[in-house]
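One structure below.
Quick note: the coordinates plus some simple rules give every number you see, no bench work behind them. The structure presented is a predicted model; accordingly, all values stated were derived computationally and were not measured. We place every Cβ from the backbone using ideal geometry, glycine too, and count neighbours over all the protein chains shown.
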Amino acid sequence: MSRERLYLFDTTLRDGAQTNGVDFTLNDKLAIARMLDQLGIDYVEGGYPGANPTDTQLFAEERNLEATFTAFGMARRPGRSASNDPGLAALIEAKADAICLVAKSWDYHVRVALETTPEENLASIRDSVRAAKAKGREVLLDCEHFFDGYKSNPQFALACARAAYDEGARWVVLCDTNGGTLPHEVERIVGEVVQVIPGDHVGIHAHNDTEQGVANSLAAVRAGARQIQGTLNGLGERCGNANLVSIIPTLKLKPEFADRFDIGVSDDKLKDLVHVSRALDEMLNRAPNRHAPYVGESAFATKAGIHASAILKDPATYEHVAPEIVGNRRKLLVSDQSGKSNVLAGLERAEIVSVLDRLGVKVDKDDLRVGQLLDLVKQREAIGYAYEAADASFALLAWRTLGTVPKYFDVEKYDANVEQRYNARGERVTVAMAIVKVKIGNDEPLISAAEGTGPVHALDLALRKDLGKYQSYIKGLELTDYRVRILNAGTEAVTRVLIESQDETGERWTTVGVSPNIIDASFQALMDSVVYKLVRSRAPA
Ligand SMILES: [Zn+2]
């Protein structure tokens with residue numbers, strides 16, 4: 001039986017960015033878009049070009065994605081022509097592969113929020129879809145409040161969807177904007193919609209207000225919809241959006257879906273799911289949800305007792321899927337089960353080798369040094385390091401364990417201070433100043449001083465001011481992001497700093513430092529970043 005294609009549409013950068021406390025930088029957005037693209041997501045929605053500076057810049061960037069990069073914005077306003085609506089004009093001019101228009105489909109909203117007539121709303125949908133099509137764009141229409149609208153006036157809700165489809169919209173997306181619809185209702189309503197619009201043109205956009213964002217998405221697919229919209233880790237305002245990190249493995253691993261559908265995420269890429277989920281959390285400076293389905297640290301953890309011994313005999317006894325398929329691992333919370341440590345070490349080694357593979361380091365998983373690296377990662381993660389996010393620090397650790405990293409330079413001493421004073425106009429100002437003393441080989445030490453907006457900024461500038469013969473290798477290096485988290489490791493609070501850097505080629509990497517002292521943690525991460533850049537540039541020892 002040939003399988004049908006099911007399309008995945010990610011809106012982490014648009015709906016996910018609405019989450020309270022989430023504020024993506026341009027670099028975050030680019031990194032997330034690349035991560036989604038590599039995972040195999042079909043559509044990546046970037047945001048609203050023209051609505052804010054970050055999104056406008058994002059759409060101006062060279063992105064090189066396989067995924068269909070999608071711009072989002074409103075259908076023309078009532079009482080205006082499509083060509084006379086500056087918002088719509090900016091949207092359809094955006095450098096995007098597809099345009100997702102949003103329009104009302106609930107008569108109550110048309111009357112109360114838009115203060116216009118049903119006919120004018122339909123005309124707005126038709127005109128806007130036509131205008132975007134005329135620019136050669138693939139067009140999607142998000143029917144806002146579709147399910148609530150359908151319950152109140154099915155003819156009108158359907159007419160809105162139908163208007164977009166008739167004008168040539170590739171997808172008509174049914175949105176449960178308030179998130180209150182239940183799976184059996186979604187299944188019934190989508191079943192009725194696909195009598196009028198072919199299911200391979202119908203999408204579902206579910207919010208999670210009754211914790212059924214995932215269930216509603218799957219119900220819509222059962223009823224005939226063929227596009228699912230959602231976000232990584234279910235990010236989104238209020239209770240979030242449908243969680244793609246739970247939907248993807250369900251589609252790939254549960255026979256009801258796996259036997260009938262193909263998605264763009266390969267079996268191989270599915271193994272990156274844990275990494276993708278945790279990398280997003282690190283970017284947001286959030287602790288990952290240990291109990292997240294499939295990807296949480298506890299998703300495959302079993303406590304001592306008969307369950308654990310049964311799992312050792314055959315993991316399928318107490319696991320609904322095998323953890324390694326999604327890049328997770330089994331955890332047995334016991335110490336006296338014979339053979340347990342071997343089972344675990346075997347799995348973890350395979351995982352480390354696959355990461356090294358990604359970094360271009362070829363080693364055999366039975367190499368003793370892989371075991372050493374594994375132990376080192378565990379020890380360091382126990383005291384607060386986070387290698388999921390800090391790819392460059394992990395690479396350095398791996399290179400040092402499996403080979404050598406030249407000792408380019410030594411920092412003999414550094415000093416940073418912050419001074420508060422009043423300037424000539426009597427305003428309170430703070431100034432930071434740092435001095436770094438670096439020794440390269442047998443040369444005389446180099447001493448550099450710099451002022452910065454804060455002590456870490458000053459240290460960064462001082463460290464990179466004069467690295468002698470290595471200066472030319474780091475001249476394009478810049479610090480692009482800095483994140484701090486206070487952790488409780490044991491009884492002590494420690495500070496974890498993640499620093500993102502970039503060089504003249506546009507390559508970005510992240511390094512980590514951990515210490516009870518925030519300056520010291522920052523300095524470790526800065527050092528790792530400089531050394532990583534020197535290794536990557538093949539600077540001679
Ligand atoms: Zn939404």
Region 438-453 - phi-based ³J(HN,Hα) in whole Hz, Karplus 6.51/-1.76/1.60, Gly and Pro as x: 10, 10, 10, x, 9, 5, 4, x, 9, 10, 10, 10, 8, 9, x, 6
Label-to-label distance, nm, for residues given as V418 and R162 (7 Å Cα→Cβ offset): 6.4
Residue exposure sequence - I41, I435 - by fewest surrounding Cβ within 10 Å: I435, I41
The chain: angle of helix 455-465 to the longest principal axis, Cα-based, in degrees nearest 10: 70
For V112, V186, order by how many other beta-carbon atoms lie within 10 Å, fewest first: V112, V186
For D142, residues with placed amide H under 5 Å, excluding near neighbours: L101, V102, A103, V173
Ordering of 495-505, 416-426, 223-233, 58-68 by packing [mean C-beta count within 10 Å, highest first]: 223-233, 495-505, 58-68, 416-426
Extension gain, K362 back to N20 (0.36 nm per residue minus Cα-Cα distance, nm): 118.9 nm
Bridge type composition, the chain - antiparallel percent by DSSP, nearest 5: 50
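In which sequence would D259, D10 go, from the one with the fewest C-beta neighbours within 10 Å to the one with the most? Working shown, then result.
Details: D259 9, D10 28.
Ordered from fewest to most neighbouring Cβ atoms within 10 Å, D259, D10 come out as D259, D10.
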Leading residue at positive end of dipole, the chain (Cβ point charges), from V196, I41, I440: I440
Gain on full stretching of the segment that runs from E4 to R369 - 0.36 nm per residue minus C-alpha separation: 126.9 nm
Selection from L463, M74, L13, by position along the positive dipole direction of the chain (Cβ): L463
Distance between modelled label sites at Q379 and T116, nm, 7 Å Cα→Cβ extension: 6.6
Of K365/K439; K135/K271; K271/K331; K95/K271; K378/K437; K271/K475, those spanning more than 27 Å from alpha-carbon to alpha-carbon: K365/K439; K135/K271; K95/K271; K378/K437; K271/K475
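Rank by packing, highest mean first: peptides 282-294, 436-448, with packing defined as the count of other Cβ atoms within 10 Å averaged across residues.
By packing density, highest mean first, the sequence is 282-294, 436-448.
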Rounded FRET efficiency, nearest 0.05, which uses the C-beta distance separating A51 from V484 and R0 of 30 Å: 0.55
FRET efficiency, K254 to N285 (Cβ-Cβ, R0 30 Å, nearest 0.05): 0.35
